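First up is the structure itself, then whatever we jot down about it.
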Amino acid sequence: MAIRPTPDQVLSLAPDLSAAAAAAPLAVPAAWSAAGCDDSAIWGAYIAAAAEPYNVAVDLSDDVGGPAYRCNCPSRKIPCKHALGLLLLHANGAVAPARRLPFADEWLQRRAARIRGLEEAENAPQAADAAASDASVPTHDGGEQGSAADALGGGSRAPQPLGGEIDPQRQKRQFERAQRMRAGLQELDRWLADRIRVGLAASELGDIETWDRLAARLVDAQCGALANRVRRVATKVGQHPRWHEDVLEEMALLHALAVGAQHTSALVPDLADGVHVATGLTVAKDDVLASVPSTALWIVAGESRTREDKITVQRTWLASAGATPVTWAMVLAFGAFGNEVATEFAVGSALDADLHWYPGGINLRAIVGRVNGDPLPNTAGPASTTIADALLNAGWALAAEPWVERYPLCVMAVPAPIGNGRWVLTDATGSIPIAAGCSKMAEIVAVSGGRPIRLMGEWSVDGLLPLTLFGSDQAIVL
Amino acid sequence: MSDAAEGVARSAAEEDLARSAAEDLARSAAEEWVGLVTVAVLGTDRRPLPVARAGWGARSSSPTSMADPAVELLDRAAGVATARRAGRRPAPAVPMTDPAPDDPRPPCPPAAANQLARMLGGQHDVLLPEWFARCRLAGFQLPHHLLPTLLLRGRRNPAFDIAVRAVAGGRAAWLAEAMPELRIKAAAAAATSVAGTDAFLPPRPPPDSGAVVAAIVGAFHDRSATWAAAAQIRLSVAALDPTWLPPLILELNRAPFHAVTERTRVDLLGVAQLRDEMIRQMPPANSPHAVP
């Protein structure tokens, strides 16, 4: 018979600190329906978040080397916060003995049967990689994307289910997708090494065809994000006399992504998630919405748009109001070629909302979940920092995820000319260049009048792209 | 030396140490980077890859291609590139130019600025002269962020340029000095100043605005308010005595629908509503037409 764990023991099962922190608020009886336990298992339906309750069960029988978890939430963390929350509830003595719920009974029966026949199960081809590491791998219904990620990275993080619970056709599709991505990543890496072998000065690098072919191959390999990245690198060739440095930087980061994506099991989980997102493994929206939200008053601080291979990408930058340092979030929206992206949030307003973060090494990309009430006008903008501090913040983010292409900042600074039509933004701590592509320099100078202004923009290797000016009583979209 | 003073001295020394360590790191990163770029430009087939400087070596990313200098270069470049990106510091502060002269006038209200922006974008720009006349009377500054657009537009239209400069204040001149592309030939503006002055004044109200409103409404009933006639009617809406705007808006909303007049109706409704809003934003101290 299993001994009831203490809360500390439960938290020690968490895969990371954030999961542990997320689990604590879930350990309240009101969040659960039909929670019950017996000698070897606990189960319950988590009803506080989604329309569909999550069926959670934990197998506590310790004869197979530690607890096993089942939850039909989309999280890829094992155990997920729901399982941890249920365990915490149990640890607090708030789960009463009861008859097993049908789903829990079915799962526990199947599990028991499977443990007996584990040797056979291990021979399943697609599970071999994943299940080999630990015979007592917990069962977890992952999303299709998640499992593709695992197969791709050699996945000891979120192991494949032991079989039977996922339809074999789907598993085959995941496996094939992972194989395609792996092939694409290997080809990208070979291509990069070939370019370095012959040298960046070789003429074919200046030929857009060279890059387009690679991008097309990456699209075929379902690494869409990398394909777009490759196309962006192509535009840097020959842009200015020192373009070799820019291109080598980008190629080295592509190399790091290609190598990292093939070995995600060797990376810390957050970094692995970031690599997955950067290589084009799309994360299902529902997975993100199932994460713990950050609720705050979010200022809609700026908006930028770029065209990426027939698709318009709109970035909306949200900044937490009030507290310093400011927490930034990027909400993406896409419009198919020719269609404008509908502006969901107006710059110069603020909304009280739940933000759900995409997985990754840094919290940046997010989805807006529940919005409480109507947007409020906000023309003051987010709290500004000095230029030095803004770069320091961006630096921490880039150290965690060097492939991040844009990082937001809001500074109080003066635009100043440095000759040749180029401008910088300067304050007492230093100056940063304004990107050559900024077409609204005159507006910025006019509003500033040579005095400090609050300016929000995107910081990238090309410099700062100003997006919004926060005047005395008006947010000016550039 | 007191303990506190000693503490300060020690932390200052530590700070110096940290700064010089950071400088050393930055220097070695720069040296390592130059070496990698040089080899990358020429190609590892032609140039041997120098040994990594202390701290910049990379664990090989792939055990099978251990011997490939191209892969080693990419591995090492990824590390240095990350350090370069994350470690980017601001350039030294730039001396600032003299700021624009102070303007004692109150700033333009955001709603009025938005109306101007809409008109500059081509929407109901028949009302532009009145906007400037009202802005001048109300004693507002021009919206700063629209100054560049206004100055550029004035380059093609001297009368407009004069109207802008009448309310622009010192900031427009300052801006033209700061942004060479906004510098407008003063001679061109001066040459037309006499001839063009009254070209950019709002139209005078007709003697009987009520009759004009009735005529407009009639034009919708007999379907003569086609798109071809819209320009003419638009001018009369821009000239109406402001007290007649609300009745006109009411009548336009009630006008019978017909395919040939619908476009005109929507357009006129837009003009009338924008004008009505504008008058509420910048109420006349006295009639705008009293301006010399």
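The values are calculated or read from the model by the stated rules, or taken from the named source; none is laboratory data. This is a predicted model, so every value here is computed, not measured. Please note: Cβ atoms are built from the backbone with ideal geometry, for glycine as well, and neighbour counts cover all protein chains shown. Just so you know, the surface numbers come from the protein's heavy atoms only, side chains and all, with ligands and any DNA or RNA stripped out. Shrake-Rupley method; radii C 1.70, N 1.55, O 1.52, S 1.80 Å.
A few remarks follow.
- Hits in region A:422-442 - residues which are open to solvent by 30 Å² or more (accessible area, probe 1.4 Å), more than 11 Å from every other protein chain (Cβ to nearest Cβ) and touching a Lys or Arg at 6+ places or on another chain (Cβ under 9 Å): A:436
- The residues of region B:96-113 that are in contact (Cβ under 8 Å) with a residue 40 or more places away in the chain and buried (at least 18 other Cβ atoms within 10 Å of the Cβ), listed by number, are B:100, B:112.
- Taken together, the residues in region A:233-253 that are away from chain B (no Cβ under 12 Å), of a type in the set (Gly, Ala, Ser) and surrounded by 17 or more Cβ atoms within 10 Å (Cβ to Cβ) amount to 1.
To keep it simple, each residue is scored yes or no on (1) surrounded by 21 or more Cβ atoms within 10 Å (Cβ to Cβ); (2) over 30 Å from residue A:23 (Cβ atoms); (3) modelled with pLDDT of 85 or more.
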{"site": "A:203", "(1), (2), (3)": "no, yes, no"}
{"site": "A:220", "(1), (2), (3)": "no, yes, yes"}
{"site": "A:228", "(1), (2), (3)": "no, yes, yes"}
{"site": "A:231", "(1), (2), (3)": "no, yes, yes"}
{"site": "A:255", "(1), (2), (3)": "yes, yes, yes"}
{"site": "A:265", "(1), (2), (3)": "no, no, no"}
{"site": "A:279", "(1), (2), (3)": "yes, no, no"}
{"site": "A:286", "(1), (2), (3)": "no, no, no"}
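Every residue, every condition in (1) assigned to a strand (DSSP E or B); (2) within 32 Å of the chain's Cα centre (by Cα); (3) of a type in the set (Asp, Glu), yes or no:
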{"site": "A:438", "(1), (2), (3)": "no, yes, no"}
{"site": "A:444", "(1), (2), (3)": "no, no, no"}
{"site": "A:447", "(1), (2), (3)": "no, no, no"}
{"site": "A:450", "(1), (2), (3)": "no, no, no"}
{"site": "A:455", "(1), (2), (3)": "yes, yes, no"}
{"site": "A:459", "(1), (2), (3)": "yes, yes, no"}
{"site": "A:464", "(1), (2), (3)": "yes, yes, no"}
{"site": "A:469", "(1), (2), (3)": "yes, yes, no"}
{"site": "A:473", "(1), (2), (3)": "no, no, yes"}
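- Tabulated pairs, region B:213-226, first aromatic (Phe, Trp, Tyr), second open to solvent by 30 Å² or more (accessible area, probe 1.4 Å), C-beta under 8 angstrom, 6+ apart or interchain: B:220/B:256; B:220/B:258; B:220/B:265
- Sole residue being within 11 Å of chain A (Cβ to nearest Cβ), in contact with a Lys or Arg (Cβ under 7 Å, 6 or more places away or on another chain), free of Cβ contacts under 8 Å to residues at least 60 places away in the same chain and open to solvent by less than 20 Å² (accessible area, probe 1.4 Å), chosen from B:142, B:147: B:147
- Yes/no for residue A:461 being out of contact with any strand residue (DSSP E or B) (no Cβ under 8 Å at 6 or more places or on another chain) and within 27 Å of residue A:363 (Cβ to Cβ): yes
- Residue B:116 falls short on exactly one of the conditions (1) open to solvent by 10 Å² or more (accessible area, probe 1.4 Å); (2) closer than 29 Å to residue B:178 by Cα; (3) more than 7 Å from every other protein chain (Cβ to nearest Cβ); (4) without any contact (Cβ under 8 Å) to a residue 60 or more places away in the chain, and that condition is (1).
- When the criteria are applied in full, residue A:375 meets the requirement of being farther than 30 Å from residue B:82 by Cα and either in contact with a strand residue (DSSP E or B) (Cβ under 6 Å, 6 or more places away or on another chain) or within 14 Å of chain B (Cβ to nearest Cβ) (or both).
- Every listed requirement among (1) small (Gly, Ala, Ser); (2) open to solvent by less than 20 Å² (accessible area, probe 1.4 Å); (3) without any contact (Cβ under 8 Å) to a residue 60 or more places away in the chain is met by residue A:419 save one, (2).
- Answer residue from region B:125-139, given it is open to solvent by 30 Å² or more (accessible area, probe 1.4 Å) and touching a residue at least 60 places away in the same chain (Cβ under 8 Å) and is nearest to the other protein chains (Cβ to nearest Cβ) among those: B:138
- The residue that is farthest from the other protein chains (Cβ to nearest Cβ), among those in region A:267-276 that are among the hydrophobic types (A, V, I, L, M, F, W, C) and buried (at least 21 other Cβ atoms within 10 Å of the Cβ), is A:272.
- Residue count for region B:150-173, restricted to those that are within 10 Å of chain A (Cβ to nearest Cβ) and open to solvent by less than 40 Å² (accessible area, probe 1.4 Å): 5
- Here residue B:108 fulfils each of the conditions (1) part of a helix (DSSP H, G or I); (2) more than 7 Å from chain A (Cβ to nearest Cβ) apart from (1).
- For first residues located in region B:37-48 and more than 7 Å from chain A (Cβ to nearest Cβ), partners that are surrounded by fewer than 20 Cβ atoms within 10 Å (Cβ to Cβ) and among the hydrophobic types (A, V, I, L, M, F, W, C) and lie 6+ apart or on another chain with Cβ distances below 7 Å form the pairs B:39/B:49.
- Just so you know, in region A:397-416 the residues that are more than 7 Å from chain B (Cβ to nearest Cβ) and either over 14 Å from residue A:362 (Cβ atoms) or free of Cβ contacts under 8 Å to residues at least 24 places away in the same chain (or both) include one that is most open to solvent (accessible area, probe 1.4 Å), and it is A:412.
- Hey, residue A:478 at the interface with chain B (Cβ under 9 Å from one of its Cβ atoms), under 27 Å from residue B:103 (Cα atoms) and touching a Leu at 6+ places or on another chain (Cβ under 9 Å) or not: yes
- Residue match in region B:57-72 (condition: part of a helix (DSSP H, G or I), away from every other protein chain (no Cβ under 12 Å) and either aromatic (Phe, Trp, Tyr) or open to solvent by 50 Å² or more (accessible area, probe 1.4 Å) (or both)): no
- If the condition is being in contact with a Gly (Cβ under 9 Å, 6 or more places away or on another chain) and either surrounded by fewer than 16 Cβ atoms within 10 Å (Cβ to Cβ) or away from every other protein chain (no Cβ under 12 Å) (or both), then region A:185-201 contributes only A:201.
- Region A:378-396, residues that are free of Cβ contacts under 8 Å to residues at least 24 places away in the same chain and either more than 8 Å from chain B (Cβ to nearest Cβ) or of a type in the set (Ser, Thr, Tyr) (or both): A:392
- The listed residues are A:445, A:371, and the only one of them that is free of Cβ contacts under 8 Å to residues at least 60 places away in the same chain and crowded, with 17+ Cβ neighbours inside 10 Å turns out to be A:445.
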